[in-house]
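Inspection log for the structure reproduced underneath, given as structure tokens.
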Amino acid sequence: MKVEQVINNLKGRFPNEPEYHQAVEEVLHSIEEVYNEHPEFEKQNLIERICIPERIFTFRVTWVDDKGNVKTNMAYRVQHNNAIGPYKGGMRFHASVCPSVLKFLAFEQTFKNALTTLPMGGAKGGSDFSPKGKSNEEIMRFCQAFMLELWHHIGPETDVPAGDIGVGGREVAYMYGMYKKLARENTGTFTGKGLGFGGSLIRPEATGYGNIYFLMNMLKYKGITDLKGQVVAISGSGNVATYTAEKVIELGGKVVTLSDSSGYIYDADGIDSEKLAYIFELKNLYRGRIKEYADKYGCKYVEGGRPWSEKCTIALPSATQNELNGDDAEMLMNNGCIAVSEGANMPSTPEAVEIFLKHKILYGPGKAANAGGVSVSGLEMTQNSIKLSWTKEEVDEKLKSIMNSIHASCAEYGTEKDGFVNYVKGANIAGFMKVAKAMIAQGVL
Ligand code: NDP
């Protein structure tokens with residue numbers, strides 16, 4: 001396999017899909033050497049089979065807004081690979097959703113899910129519908145219309161969706177309710193459900209907490225065992241960012257930034273638990289903007305900016321893809337940042353990743369560092385199928401142990417001769433080998 005050749009071929013067959021090309025290229029560069037040591041992979045054209053999604057559903061969603069206008073949105077489900085378990089991956093509702101974004105996310109999800117040790121294949125879906133500024137009723141009508149089509153293609157042993165950007169507990173509940181009505185079964189074909197109807201404790205917290213458990217594993221390699229004295233920059237202020245902040249504060253770190261798509265706040269005194277409680281209220285109850293935090297606490301707010309120019313020792317990008325570029329990475333390095341751990345999927349551009357690796361900082365790529373969310377989703381599926389609920393402590397313990405094991409896999413495949421752990425390489429090879437071996441064992445499909 002020659003990476004350039006494979007990439008050029010994919011670009012020719014699937015033009016205008018830059019995010020998909022970017023995600024594939026990153027993985028292929030990491031696995032090239034290992035892949036070429038296995039002639040059976042090439043013989044079965046595994047590379048194309050593992051890069052191209054098994055199936056993509058594309059459909060129109062028609063719904064009625066509060067003024068009676070009939071609206072249409074495009075919606076998709078990308079079922080990328082089910083070699084090691086049912087398709088699994090979140091739904092994203094955001095104006096930027098398109099096949100390229102969902103193909104990159106489903107591709108990443110396949111390897112991420114393989115790392116979790118749980119039997120889950122990779123998928124992703126969503127719509128260019130934006131919940132921002134919509135009433136509850138509009139969101140409910142959209143979710144129901146969306147499920148009128150999607151329910152045909154999902155099921156507890158087939159494909160189990162969850163949340164992502166723009167899809168939280170409210171949206172999951174509306175979609176799951178409609179799914180149950182149509183499918184006439186109650187087997188938990190959605191994760192991130194409410195606690196009263198099959199959800200798991202710790203699921204909302206899981207991605208953020210998991211990222212910090214992964215970070216602590218990385219820091220341990222440097223002899224650092226807590227977050228006291230660490231100054232932490234976080235982007236985003238949604239599900240992942242807020243629970244990341246909660247765990248950082250609990251472990252003694254000082255969170256100085258959060259953001260949304262309008263700008264970022266910088267609080268030199270640190271966002272403490274009380275201020276974070278305000279953010280939870282602001283975001284979940286009032287669906288407000290992060291600027292309101294600056295207005296309330298009188299701290300700095302930068303309209304349209306990203307937090308990476310602020311001085312920090314740890315950066316945790318937790319908003320969206322390509323939100324941290326080469327210039328941002330240089331600024332972080334110049335300011336003494338020692339670790340970057342990704343809550344979001346592919347938040348760092350290839351240039352930024354190159355800079356992190358050149359400086360040999362602790363860099364945890366999203367597919368390893370943010371795998372805690374899907375891991376607890378896997379645990380939610382298990383609880384649904386055995387019809388039992390585990391306690392908060394039990395789920396949290398399992399989450400910790402999965403994140404430790406993901407870290408160990410990354411270290412096993414990514415440790416270089418001088419002892420530096422290249423987590424990008426480690427995560428990509430560990431995830432790839434598991435999926436590749438399962439595909440080879442199951443024959444040409
Ligand atoms: P939410 O919708 O809860 O929050 C997203 C946050 O990111 C919001 O603050 C949003 O601001 C901001 N944001 C979104 N798009 C942009 C943009 N283009 N530019 C700047 N800011 C933006 O989503 P999640 O917290 O669930 O997801 C965040 C990231 O984590 C995503 O990359 C997702 O794929 C990834 N992830 C999520 C998991 C989960 O369990 N939820 C699991 C693993 C990964 P605004 O409100 O202004 O749009």
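The values are calculated or read from the model by the stated rules, or taken from the named source; none is laboratory data. Remember, it's a predicted structure, so these values are computed and weren't measured experimentally. Note: ideal-geometry Cβ built from the backbone for every residue, glycine included; neighbour counts use all protein chains shown. The protein model used for the area step is the full one, side chains on, heavy atoms only, and it has no ligands, DNA or RNA in it. Shrake-Rupley method; radii C 1.70, N 1.55, O 1.52, S 1.80 Å.
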Legend entry - Every residue from region 78-99 that is in contact with a Lys or Arg (Cβ under 8 Å, 6 or more places away or on another chain) and more than 24 Å from V435 (Cα to Cα): R92
Inset, instruction - Quick one: which strands (runs of 3 or more DSSP E) lie wholly within region 247-311 and hold at least 3 residues that are over 19 Å from Q230 (Cβ atoms)? - result: 300-303
Inset, instruction - Quickly run through region 193-213 and pick out the residues that are within 15 Å of the ligand (Cβ to nearest atom) and part of a helix (DSSP H, G or I). - result: R203, P204, E205, A206, T207, G208, Y209, G210, N211, I212, Y213
Inset, instruction - Would you check which residues across region 229-275 are open to solvent by less than 10 Å² (accessible area, probe 1.4 Å), within 11 Å of the ligand (Cβ to nearest atom) and more than 19 Å from S309 (Cα to Cα) and list them? - result: T242, T244
Inset, instruction - Collect the residues in region 93-108 that are surrounded by fewer than 24 Cβ atoms within 10 Å (Cβ to Cβ) and within 15 Å of the chain's Cα centre (by Cα), keeping them in residue-number order. - result: H94
Inset, instruction - Inspect region 297-310 for any residue being open to solvent by less than 10 Å² (accessible area, probe 1.4 Å), away from the ligand (no atom under 16 Å from the Cβ) and over 28 Å from G378 (Cβ atoms) and give the result as yes or no. - result: no
Inset, instruction - Considering only region 177-192, state which residues are within 16 Å of the ligand (Cβ to nearest atom) and either of a type in the set (A, V, I, L, M, F, W, C) or assigned to a helix (DSSP H, G or I) (or both). - result: F190
Inset, instruction - Output the number of the condition that N16 fails; it satisfies all remaining conditions of (1) part of a loop (DSSP other than H, G, I, E, B); (2) on the phi < 0 side of the Ramachandran plot. - result: (2)
Inset, instruction - Check region 147-163 and report whether any residue there is modelled with pLDDT of 95 or more, open to solvent by 20 Å² or more (accessible area, probe 1.4 Å), within 16 Å of the ligand (Cβ to nearest atom) and within 26 Å of A83 (Cα to Cα). - result: yes
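One line per residue, one yes/no per condition, for (1) more than 16 Å from the ligand (Cβ to nearest atom); (2) open to solvent by 60 Å² or more (accessible area, probe 1.4 Å); (3) in contact with a Cys (Cβ under 8 Å, 6 or more places away or on another chain):
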{"site": "Y363", "(1), (2), (3)": "yes, no, no"}
{"site": "K367", "(1), (2), (3)": "no, no, no"}
{"site": "V376", "(1), (2), (3)": "no, no, no"}
{"site": "M381", "(1), (2), (3)": "no, no, no"}
{"site": "H407", "(1), (2), (3)": "yes, no, no"}
{"site": "K417", "(1), (2), (3)": "yes, yes, no"}
{"site": "G431", "(1), (2), (3)": "no, no, no"}
{"site": "A436", "(1), (2), (3)": "yes, no, no"}
